[in-house]
1. Could you give each residue of the range 43-52 its phi-based ³J(HN,Hα) in whole Hz, using Karplus coefficients 6.51, -1.76, 1.60 with θ = phi - 60°, and x for Gly or Pro?
2. Between ASP85 and ASN49, what is the label-to-label distance in nm when each label sits 7 Å out along the Cα-to-Cβ direction?
3. How would you rank 69-80, 39-50, highest first, on the average number of other Cβ atoms within 10 Å across their residues?
4. Scan around ALA134 for amide H atoms under 5 Å from its own, H built in the peptide plane at 1.01 Å from N, and keep only partners 5 or more places away or cross-chain.
5. Which value in nm describes the separation of the simple spin-label points at GLU149 and ARG62, placed 7 Å from the Cα toward the beta carbon?
6. Roughly speaking, what is the centre-to-centre gap between the range 119-178 and the range 79-115 when only Cα atoms are used, to the nearest Å?
7. Non-local amide H neighbours of ALA78 (under 5 Å, H modeled in plane, Pro and chain starts lacking H): which ones?
8. For the range 80-169, evaluate the Debye formula with one uniform point scatterer on each Cα (no solvent term) and list log10 I(q)/I(0) at q = 0.21 Å⁻¹, rounded to two decimals.
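What follows is calculated from the coordinates using simple rules that are stated; it is not laboratory data. What you see is a predicted model; the values in this text were computed from it and never measured. Heads up, the Cβs are rebuilt from the backbone with ideal geometry, glycines too, and the neighbour counts pull from every protein chain shown.
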Amino acid sequence: QTCSGGTCRRRLICKTTWTIDNSQLSTPDSQLSTLNSKAQMILDLFKLNGRVALVTGGRRGRGQAIARGLAEAGADVAGVSRSGDATETARLVEAAGRKFLDIKVDLGQPNQRKGLIERVVDESGSLDILVNNAGTGLRHPPVDYPDDELPNLSDAHFTASCDLLQQAAPPLFRQISR
């Protein structure tokens, strides 16, 4: 191809003729086959077929991306959100060929957290993965954070995670021992 000033990717004004030999850019089929085989072996180590994951805060953002990734790796997903309307997350999980259980729970409320893990196990058959991702959407500068909101912040971010870990321990340990 000929560079005729101004069109050269190097942004140089030149009248140089250059060529690229496509054989230098391609990988022989035998090498591609080997690379694909190695990549598949690595991916096989991360398969989650037959596993069940619970993702808190799974309606949008990071939680939705985690739910989608777990589904693409082969896991069925239970998603917890305050609104209980994870339609888009359900669509993404089901598009990966996996089941999605949409659960409405305000994790900042201890009475709503009670029995959550048991419900997932009852409806999905097991629990293998717990992703504590939920958090509150309240935004305040640290110096102006309202004192009356601190308990809600603590309940949603810390206490709920600890509570769910305690609830999840028995079913998770059962999965390890099988």
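1. 4, 4, 5, 9, 5, 10, 3, x, 8, 10
2. Inter-label distance under the simple model: 3.7 nm.
3. Top to bottom by mean Cβ count within 10 Å: 69-80, 39-50.
4. THR56, GLY57
5. Between GLU149 and ARG62, the simple spin-label model gives 1.8 nm.
6. Here the answer is 13 Å between Cα centres.
7. Counting only residues 5 or more places away or on other chains, the set is ALA53, LEU54, VAL55, LEU101.
8. The computed values of log10 I(q)/I(0) come out as -1.09.
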